[in-house]
Amino acid sequence: MVIRNLEKNDYTSVLVLYTELDRIHYENRPDYFGRRDCSYPRKDYDECLNDPNMLMLGAFENDELLGI
């Protein structure tokens, strides 16, 4: 397993994980979490990548993103 900084080209894989996380939250706590059109808009992702105060890491195995 390799842990590295996330990059712009990781967005699609990151979005899959955030979408699943949102689904779990909504299914288990619909009183607190609502449905969203997009779990992590590209604009927000890019802003975080460009923020020097943010640390965005991903765990990869065989180039597959396993965790964030």
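Data table
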| quantity | calculated |
| --- | --- |
| In sequence order, calculated HN-Hα J values of the range 37-46 (Karplus, 6.51, -1.76, 1.60; Hz; x Gly/Pro) | 5, 9, 5, 8, x, 4, 4, 5, 4, 4 |
| 1.4 Å probe accessible area per residue over the chain, in Å² | 78 |
| Under-5 Å amide H pairs with F60, H placed in peptide plane, nonlocal only | V2, I3, R4, L66 |
| Structure-based [θ]222 nm, the chain - -39500 (n - 2.57) summed over DSSP H runs of at least 4, per residue, nearest 500 | -12500 deg cm²/dmol |
| Carbon + sulfur, % of accessible area of the chain - ligands and nucleic acids excluded, 1.4 Å | 50 |
| Intensity falloff of the chain expressed as log10 I(q)/I(0), Debye formula with alpha-carbon point scatterers, at q = 0.14 Å⁻¹ | -0.47 |
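The values are calculated or read from the model by the stated rules, or taken from the named source; none is laboratory data. Keep in mind it's a predicted model, so treat the numbers as computed, not measured. Each accessible area value is taken on the protein alone, full model and side chains, heavy atoms only, with ligands, DNA and RNA left out. Shrake-Rupley method; radii C 1.70, N 1.55, O 1.52, S 1.80 Å.
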